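The values are calculated or read from the model by the stated rules, or taken from the named source; none is laboratory data. Source: prediction; values computed, not measured. Backbone-built Cβ (ideal geometry, glycine too); neighbour counts: all protein chains shown. All accessible areas refer to the heavy atoms of the entire protein, side chains included, with ligands and DNA or RNA removed. Shrake-Rupley method; radii C 1.70, N 1.55, O 1.52, S 1.80 Å.
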Amino acid sequence: VIVMQWDAVPVLDAGGLDALQRFIERLPEGCELRLCHLEFQPLRTLARAGVQPIPGRLAFFPDRDAALAAA
């Protein structure tokens, strides 16, 4: 499990979105990425791009404690 806390990411542009999607695609089998503390603009960019949770691969949480507790 990888937990990424995005509270210091105020803006997600097309390049960042592409890098994130490539990172998710390259995750080893059985590895899950958990994003938490997303600011409004990055969350909106992910929603507009159609990025959805992927069971066992990508999940979203409100904070780090919730992301870790789900493990």
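With the convex hull drawn over the C-alpha atoms of the chain, the volume per residue is 77 Å³. Under a model in which nothing but the beta-carbon of Lys, Arg (+1) and Asp, Glu (-1) is charged, the chain shows a dipole of about 140 debye around its Cα centre. Apolar share of the accessible surface for the chain: 56 percent from carbon plus sulfur atoms, 1.4 Å probe.
Helical runs (DSSP H, four residues minimum) scored at -39500 (n - 2.57) apiece and divided by the length of the chain put the mean residue ellipticity at 222 nm at -10500 deg cm²/dmol. Near the amide H of VAL3, within less than 5 Å, lie the amide hydrogens of ARG34, all on another chain or at least 5 residues away, with H placed in the peptide plane. Round to the nearest 0.05 the FRET efficiency obtained for GLN21 and ARG64 when R0 = 30 Å and r is the Cβ-Cβ distance. Given R0 = 30 Å and the Cβ-Cβ separation, E is 0.85. Taking the DSSP bridge list for the range 1-66 and keeping only pairs wholly inside it, about 10 percent are antiparallel. Solvent-accessible surface of protein heavy atoms, probed at 1.4 angstrom with all chains present, puts CYS36, CYS31 in the order CYS31, CYS36, largest first. Reported to the nearest whole Å, the Cα centre-to-centre distance from the range 56-71 to the range 17-46 is 12.
Near HIS37, the amide H atoms lying under 5 Å from its own belong to TRP6, PHE61, ASP63; only residues 5 or more places off or on other chains count, and H is placed 1.01 Å from N.
For the range 17-71, the solvent-accessible area works out to 64 Å² per residue, with a probe of 1.4 Å and every protein chain left in place.
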